[in-house]
Amino acid sequence: MSATWSATPGRACRLPDPTPETAPDTAAVFAKVAASRGWVSNLLTSLGHAPDALARFSALGHYGRYGTELSERQRELVICIVGRNITYAWAHHAPLALDSGVTEAELAAIKTGRTPEGLNAADQALCDFVFAFTSFSGVPEPVWHAVSASFTTRQATDIAMLAAYYLAAGSLIMGLGVQVEPPEILAIERDWQKRPREGDQVVR
């Protein structure tokens, strides 16, 4: 899928897909999203009727994917914990997590709602924090101290921001009924992640 308009209304979610007639300012935002990520996902397509919202939401997602001071493995651990019960999120990010070095056993543990065993101190602190963060019950002091011992204040902020972004994404996915793309389309995202980058930009 590219930044082109879909001819099939409702392909992405319960809303009709945006068209040049219904959302004339969206084409430019779609083009920017495609330049950032290699394609326009159904999730971002679902926001196309509000192009300003789409631009801001996708910009935060771009930062979360490519601009934080977390490793790719740490980033995908955060995302998979948040999205573990959301079919769309899991279909997108479990393969990316495997590519980043997360193991099948670690994903299986995350899927059951627990921090995997055998992690180093930083990854364990990160997982414990994200499970607590997304519980809406507060983060226990021992968990916060472990995060503070393993990460800088910038990195701790990145973890929290990334978890918050994917909580919002998950709410949009479930609320708007966003549909999972077919495997050949998901492969575009996986291939894009493997491209070399300078900072947060792909080197073409």
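Here are the numbers:
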| read-out | value |
| --- | --- |
| Cα-only radius of gyration and Dmax that characterise the chain, units Å | 17.2, 54 |
| Reciprocal of mean inverse Cα separation for region 87-147 (Kirkwood radius, Å) | 12.4 Å |
| Stretch in the chain that is longest and holds no GluC sites (Glu not before Pro) that DSSP places in a loop and that have at most 14 other beta carbons within 10 Å | 118-204 |
| Karplus (6.51, -1.76, 1.60) ³J(HN,Hα), θ = phi - 60°, over region 161-174, in Hz, Gly and Pro reported as x | 5, 5, 4, 5, 4, 6, 5, 5, 4, x, 5, 5, 4, 6 |
| Cα-based helix-to-principal-axis angle, 183-193 vs the chain, degrees rounded to 10 | 60 degrees |
| Per residue value of the accessible surface for the chain (all protein chains in place, 1.4 Å probe), Å² | 48 Å² |
| Note, ³J(HN,Hα) from phi for region 104-119, Karplus 6.51, -1.76, 1.60, rounded to Hz, x at Gly and Pro | 4, 5, 5, 5, 4, 5, 4, 4, 8, x, 9, 5, x, 7, x, 6 |
| Sequence of HIS62, HIS145, HIS49 from largest to smallest accessible area, 1.4 Å probe | HIS145, HIS49, HIS62 |
| Cα gyration tensor shape for region 134-204, rounded if a/c is under 1.5, else prolate or oblate | oblate |
| J(HN,Hα) series, region 128-140, from Karplus relation 6.51 cos²θ - 1.76 cosθ + 1.60, nearest Hz, glycine and proline x | 4, 5, 5, 4, 5, 4, 8, 7, 6, 10, x, 9, x |
| Degrees between helix 51-66 axis and first principal axis of the chain (Cα, 0 to 90, nearest 10) | 40 degrees |
| For region 1-119, alpha-carbon Rg over 2.2 N^0.38 Å | 1.20 |
| Accessible area of the chain belonging to carbon and sulfur atoms, whole % at 1.4 Å probe | 58 percent |
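The values are calculated or read from the model by the stated rules, or taken from the named source; none is laboratory data. Fair warning: this is a prediction, and the values are worked out from it, not measured in the lab. As a convention, Cβ positions derive from the backbone with ideal geometry for all residues, glycine included, and neighbour counts pool all protein chains shown. To get the accessible areas, we keep the full protein, side chains included, count just its heavy atoms, and leave off ligands, DNA and RNA. Shrake-Rupley method; radii C 1.70, N 1.55, O 1.52, S 1.80 Å.
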